[in-house]
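Only one structure is covered here, and it is reproduced in the block below.
None of the figures in this text is laboratory data; all of them are computed from the coordinates on show. Everything quoted here is computed from the prediction, not taken from an experiment. Note that each Cβ is placed from the backbone with ideal geometry, even for glycine, and that neighbours are counted across all protein chains shown.
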Amino acid sequence: MRHLIGLFSGLLFGAGLALSGMMDPARVRGFLDVAGHWDPTLAFVMGGAVLVMALAWAIQRRMHRPALCEEFALPGTRLIDARLIGGAALFGVGWGLGGLCPGPAIASLVFHPLDASVFVVAMLAGMALFRLADRPHT
């Protein structure tokens with residue numbers, strides 16, 4: 001049952017990305033072009049996501065445990081450090097240049113496989129490089 005809910009959630013997320021136009025890199029770049037032809041679509045998508053998450057957090061606070069797990073696996077809080085800022089900056093630069101982030105890039109493999117695959121391969125290479133660089137030194 002958990003796998004079906006995960007599949008449904010992923011399909012719903014992908015459909016939302018497609019419907020909102022967030023798989024179109026030009027739309028994301030248009031949002032970032034505040035001095036030119038600014039496209040506010042992404043702001044509305046983000047606003048909708050914030051509302052949905054606010055509702056989800058309110059529901060979660062009233063639940064004793066999740067419906068299909070023994071306990072909630074919620075992220076903890078972390079300090080804002082150089083590593084976090086550097087990673088966020090690197091993500092932002094890649095997002096601005098490519099016009100995609102991981103979710104839309106993977107969803108774009110369905111509609112624009114050649115364009116999206118270049119981004120996804122670069123993303124996976126970056127993830128692998130991080131894993132190699134982040135290993136504890138012994």
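Annotations for the structure displayed:
- Under the span-like rule (Cα at least 18 Å along the axis, Kyte-Doolittle mean at least -0.5), DSSP H helices of the chain: 2-20, 41-62, 82-98, 113-133
- Region 68-113 shape via C-alpha gyration tensor axes, a/c threshold 1.5: oblate
- As a calculated quantity, the FRET efficiency between GLU71 and PHE8 at R0 = 22 Å, using C-beta atoms, amounts to about 0.50.
- For region 39-138: rounded, prolate or oblate by the Cα gyration tensor [a/c cutoff 1.5]: oblate
- Neighbourhood net charge (15 Å Cβ-Cβ; Lys/Arg +1, Asp/Glu -1) for ALA125: 0
- DSSP loop chymotrypsin sites (Phe, Trp or Tyr not before Pro) with at most 14 other Cβ within 10 Å: longest gap in the chain: 73-138
- Per-residue Cβ neighbour counts within 10 Å put LEU124, LEU109 in the sequence LEU124, LEU109, beginning with the fewest.
- Under the shape rule built on the C-alpha gyration tensor, where the axes satisfy a ≥ b ≥ c, region 26-91 is oblate, since a/c reaches at least 1.5 while a/b does not exceed b/c.
- When you restrict to C-alpha pairs under 8 Å that are six or more residues apart and normalise by the size of the chain, the relative contact order lands at 26 percent.
- Sites listed here are trypsin sites (Lys or Arg not before Pro) in region 49-138 whose DSSP assignment is loop and whose Cβ has at most 11 other Cβ atoms within 10 Å: ARG78.
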